[in-house]
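Data block below; observations after.
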Amino acid sequence: MNLLEVNNIDPEEESVVEALTLFADKNVDFADALFSVKSRKNTPVLTWDKKDFKKLNCEYYIPDEI
């Protein structure tokens, strides 16, 4: 069963639904998936965890690369 089909599960934002989909499809941390979705609208992500962000469609930077 899909998590979003369970009674009483109602994400507040469309970005949460997209992040949950990325979390499941790309096998990344949910927080990283949510950051990637949110970052597409505003600003790139600054992270040490490039392993997950390589799988996600967003702009990201590693502190050592700046």
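The values are calculated or read from the model by the stated rules, or taken from the named source; none is laboratory data. What you see is a predicted model, and the numbers here were worked out from it, not measured in a lab. A quick note on method: Cβ atoms are made from the backbone with ideal geometry, for glycine too, and the neighbour counts reach across all protein chains shown.
Being β-branched (Val, Ile, Thr) and either under 15 Å from VAL17 (Cα atoms) or not in a strand (DSSP E or B) (or both) is the filter here; which residues of region 29-65 pass it?
VAL37, THR43, THR47, ILE62
Name the pairs whose Cβ atoms lie under 9 Å apart, with the first residue in region 9-37 and farther than 18 Å from THR47 by Cα, the second at pLDDT 90 or above and aromatic (Phe, Trp, Tyr), and 6 or more positions between them or separate chains?
Pairs found: LEU20/PHE30.
For region 45-58: of the residues being surrounded by 11 or more Cβ atoms within 10 Å (Cβ to Cβ) and over 12 Å from the mean Cα position of the chain (by Cα), which is modelled with the lowest pLDDT?
Selected residue: ASP49.
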